[in-house]
Amino acid sequence: MIRFEHVTKRYPDGTTAVDDLSFEVAEGELVTLVGPSGCGKTTTMMMVNRLIEPTSGRIRVGGEDIAGVDPVRLRRRIGYVIQQVGLFPHRTVLDNTASVPVLLGWKRAKARARAAELLDLVGLDPKTYGPRYPEQLSGGQRQRVGVARALAADPPVLLMDEPFGAVDPVVREQLQDEFLRMQAAVRKTVLLVTHDIEEAVRLGDRIAVYGQGRIEQFDTPGAVLGSP
Ligand code: ADP
Ligand code: ADP
């Protein structure tokens, strides 16, 4: 579903963030990208929705070379969740969740009905939380709204950059569990960036272990943990 072919990204200042990267993620697979800060994880992910353009190499999503796909059309197929969720402060939780489908041209009523389903799926009762504003939620709840919003338009691919990074360890574990349950139900193709090896092991079907600009190991959690 996602395929990198010899992808290199050099920033204008000369930094090589990603160096000749090739890997493949199967449909419905959840791959965690793990490694220390600055090793190229975020750059890798942001090239998938063309927020960053590679310097060389090719990236395919669903078989299609994304260099030829209009970025707006591409992003319709790709949900995106980041640590600072960036909810609209003056819109309710329901309208925040509905915002991506509305952007994509769905009728407002249909988008809202879909948003309510997704809030339910991420464990927020839409009747209780839908009418609230982001500032009335805890950090963990806001993070869930971010996930609901990213999934609302039902994209086949989901990109997540430290999605559970901003919450305390107990809430984090709870969110991870809920996310795993949800992923079992919806089976998206997911790239999830984390610097936390435990999180990578817990969530990943496979793990991409980064060194500087490269993937040093790409394997199942068992194999990664078992290696010297
Ligand atoms: P990670 O997500 O693993 O922390 P990044 O992909 O954010 O790593 O960054 C990889 C490397 O590219 C780092 O050395 C970082 O400083 C550099 N980098 C990231 N963004 C830019 C940019 N816009 N301009 C120059 N260098 C950048
Ligand atoms: P604004 O119009 O206020 O600048 P945007 O329309 O750029 O806001 O996006 C609002 C939020 O929705 C952003 O946080 C962005 O990450 C997210 N978003 C926008 N378009 C998409 C999309 N196609 N898929 C996933 N998330 C999106």
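The values are calculated or read from the model by the stated rules, or taken from the named source; none is laboratory data. The structure displayed is predicted, hence computed values, not measured ones. Cβ coordinates were reconstructed from backbone atoms using ideal geometry, including for glycine residues, and neighbour counts include every protein chain displayed. Accessible surface is based on the protein model in full, side chains and every heavy atom, while ligands, DNA and RNA are left aside. Shrake-Rupley method; radii C 1.70, N 1.55, O 1.52, S 1.80 Å.
Quick rundown of the values:
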quantity	calculated
Translational diffusion of segment 82-228, µm² s⁻¹ [Kirkwood Rh, Cα pairs; Stokes-Einstein; 37 °C; 0.692 mPa s]	204 µm²/s
Filter on Lys41/Lys107; Lys110/Lys188; Lys107/Lys188 - keep pairs with C-alpha separation over 26 Å	Lys41/Lys107
Rg [Å, one decimal], Dmax [Å, integer] - segment 172-228, C-alpha atoms	12.0, 35
Debye log10 I(q)/I(0) at q = 0.17, 0.18, 0.20 Å⁻¹ for segment 1-96, Cα point scatterers	-0.83, -0.92, -1.07
DSSP beta bridge pairing in segment 135-218, given as percent antiparallel to the nearest 5	45 percent
Whole-percent carbon and sulfur share, accessible surface of segment 23-161, 1.4 Å	50 percent
Built amide H within the under 5 Å cut-off of Gly79, gap 5+	Val157, Leu158, Leu159
Per residue accessible area in Å² of the chain, where ligands, DNA and RNA are left out and the probe is 1.4 Å	47 Å²
FRET efficiency estimate (nearest 0.05) - Cβ-Cβ, Gln217 to Glu135, R0 35 angstrom	0.25
The chain: calculated mean residue ellipticity at 222 nm from DSSP helix runs of at least 4, using -39500 (n - 2.57)	-11000 deg cm²/dmol
Computed FRET value (nearest 0.05) for Glu173 with Leu225, which takes r as the C-beta separation and R₀ as 25 Å	0.85
Percent antiparallel among DSSP beta bridges (both partners in the chain, rounded to 5)	50 percent
Solution diffusion estimate, µm²/s, Stokes-Einstein, segment 123-166, Kirkwood Rh from C-alpha pairs, 25 °C, viscosity 0.890 mPa s	214 µm²/s
FRET efficiency for Leu104 and Arg187, using Cβ-Cβ distance with R0 set to 25 Å, rounded to 0.05	0.75
